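**Student:** Got a structure for you, questions after.
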Amino acid sequence: AKGHTVEYKYNEDTERYTRWTKGKKMSDEMTGEDVTTKNIIITFAENYTLDDGENKGRQDVITIGSLDGYYITNGRAIKIKCVKNGRTEQTTYTDLNGNEIEVNDGNTWVNVCPIDANVTFTGIEEEV
């Protein structure tokens, strides 16, 4: 949604990111535990309004092709390419030299963002 803000705050002690949305820390409804992740992948994808006859503004996302993104882990972010060659193909994630990235053990949160999303890094090291 336009104006939707998501934050991940890195905890050096646990080496995990806590997810925040709309300024509030997210927690599991059943356990009350914070929602955390070890790794974050951001993919920038083009979206468009579906012509479904209902005019409700439903969106679709183009995830086929070579898309820009970031891989974030251990307090660092690197630019990556997110490559998907067909609808039924698995997405591969490579560094800018074309080498497939090795995702650290632990859960991974994948965020698909609009092409013009404002992604900023505070308190983590960005490698280009």
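**Student:** Only four residue types carry charge here, +1 at the Cβ of Lys and Arg and -1 at the Cβ of Asp and Glu. Report the dipole size of the chain about the Cα centre in Debye, rounded to the nearest 20.
**Tutor:** Result for the chain is approximately 320 debye, rounded to the nearest 20.
**Student:** Taking the structure as given and computing mean projected area of the Cα convex hull in nm², which label from (1) 9.9; (2) 7.6; (3) 8.4 fits?
**Tutor:** Among (1) 9.9; (2) 7.6; (3) 8.4, the one derived from this structure is (1).
**Student:** Between the DSSP loop rule and a limit of at most 11 other Cβ atoms within 10 Å, which GluC sites (Glu not before Pro) in segment 1-90 are left?
**Tutor:** Passing both the DSSP loop test and the Cβ count: E12, E29, E33, E54, E89.
**Student:** Further question on the same structure: What trypsin sites (Lys or Arg not before Pro) in segment 13-57 are in a loop by DSSP, with at most 16 other Cβ atoms within 10 Å of the Cβ?
**Tutor:** Passing sites in segment 13-57 are K22, K56.
**Student:** Given 20 °C and 1.002 mPa s, how large is the Stokes-Einstein diffusion coefficient of segment 1-73 in µm²/s, with Rh as the Kirkwood radius over Cα pairs?
**Tutor:** 143
**Student:** Lysine pairs in the chain 8 or more apart or on different chains: how many have alpha carbons under 23 angstrom apart?
**Tutor:** 14
**Student:** Dipole of segment 24-126 (Lys/Arg Cβ +1, Asp/Glu Cβ -1, origin at the Cα centre): which of W109, T122, T73 lies farthest to the positive side?
**Tutor:** Most positive-ward Cα: T122.
**Student:** I would also like to ask the following. As a test question: what accessible area, to the nearest 10 Å², does T31 have when a 1.4 Å probe is rolled over all protein chains in place?
**Tutor:** 90
The values are calculated or read from the model by the stated rules, or taken from the named source; none is laboratory data. Please read these numbers as outputs of a predicted model, since none were measured by experiment. Every residue, glycine as well, gets a Cβ built from its backbone with ideal geometry; the counts of neighbours run over all protein chains shown. Areas reflect the complete protein model, heavy atoms only, side chains present, ligands, DNA and RNA absent. Shrake-Rupley method; radii C 1.70, N 1.55, O 1.52, S 1.80 Å.
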